[in-house]
Amino acid sequence: MSLSASLISTDDLHPIDIVETLAEHHAWEFDRVADDQIAMAVEGKWRTYSLTLAWSGVEETLRLICTFEIDPASERLPAMHDLLNRVNDMVWSGAFTYWHEQRLMVWRYGLVLAGGQAAAPEQIDALIGQAVSACERFYPAFQLVSWSGQAPADALKVAIAEAFGRA
């Protein structure tokens, strides 16, 4: 049975209502910050990631921000920015950025639902899954550049490769 059939019975639900239902389904810790925003914690292999999803009716966009703390030494920031450029060249959707003042690595993505389109639970579930997967994949490289002094190209070799096909 699809997520749509098992969780959601109407197309008229607000996107954040769908996210809340998914968070309950997956037993993720969450807080409905406002009618148009939800914050939650999703456990990964490396760490727990903080996710915020917000709906903008004006822009007709569901914005996802997934963060984790990282605080590279100041002298490592040029190498971190080099790594960010390399990582962003490897991803198909979304992008990483580093918020220096907050000491946060950030994965950002916006799902545009122009023309009154509705997001399906499967879309939102995949969106969240892709964000956590991207963070999990590149977390070791970010740590190596931040703390071990490795060159970005070398650190990137440890990034878990995307698997295609099936075994």
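The sole residue among 12, 31, 82 that is at pLDDT below 95 and charged (D, E, K, R) is 12.
Within the range 39-55, can one find any residue that is polar (S, T, N, Q), over 19 Å from residue 135 (Cα atoms) and touching a residue at least 12 places away in the same chain (Cβ under 8 Å)? Among the residues of the range 39-55, not one is polar (S, T, N, Q), over 19 Å from residue 135 (Cα atoms) and touching a residue at least 12 places away in the same chain (Cβ under 8 Å), which makes the answer no.
Look at the range 69-83: where a residue is open to solvent by less than 20 Å² (accessible area, probe 1.4 Å) and a partner is of a type in the set (A, V, I, L, M, F, W, C) and in a strand (DSSP E or B), sitting 6+ places away or on another chain with Cβ atoms under 8 Å, you get 70/104; 70/105.
Would the range 55-63 turn up any residue that is surrounded by 14 or more Cβ atoms within 10 Å (Cβ to Cβ), farther than 15 Å from residue 145 by Cα, touching an Asp or Glu at 6+ places or on another chain (Cβ under 6 Å) and modelled with pLDDT of 95 or more? Yes; the residues of the range 55-63 include at least one that is surrounded by 14 or more Cβ atoms within 10 Å (Cβ to Cβ), farther than 15 Å from residue 145 by Cα, touching an Asp or Glu at 6+ places or on another chain (Cβ under 6 Å) and modelled with pLDDT of 95 or more. Would you check which residues across the range 99-134 are in a helix (DSSP H, G or I), exposed (fewer than 14 other Cβ atoms within 10 Å of the Cβ) and either in contact with a Pro (Cβ under 9 Å, 6 or more places away or on another chain) or on the phi > 0 side of the Ramachandran plot (or both) and list them? Selection gives 115, 116. Taking residues in the range 87-100 that are within 14 Å of residue 133 (Cβ to Cβ), and partners anywhere that are among the β-branched types (Val, Ile, Thr) and surrounded by 13 or more Cβ atoms within 10 Å (Cβ to Cβ), the pairs with Cβ atoms closer than 6 Å and at least 6 places apart or on different chains are 96/87.
The values are calculated or read from the model by the stated rules, or taken from the named source; none is laboratory data. Everything quoted here is computed from the prediction, not taken from an experiment. Heads up, the Cβs are rebuilt from the backbone with ideal geometry, glycines too, and the neighbour counts pull from every protein chain shown. Accessible surface is based on the protein model in full, side chains and every heavy atom, while ligands, DNA and RNA are left aside. Shrake-Rupley method; radii C 1.70, N 1.55, O 1.52, S 1.80 Å.
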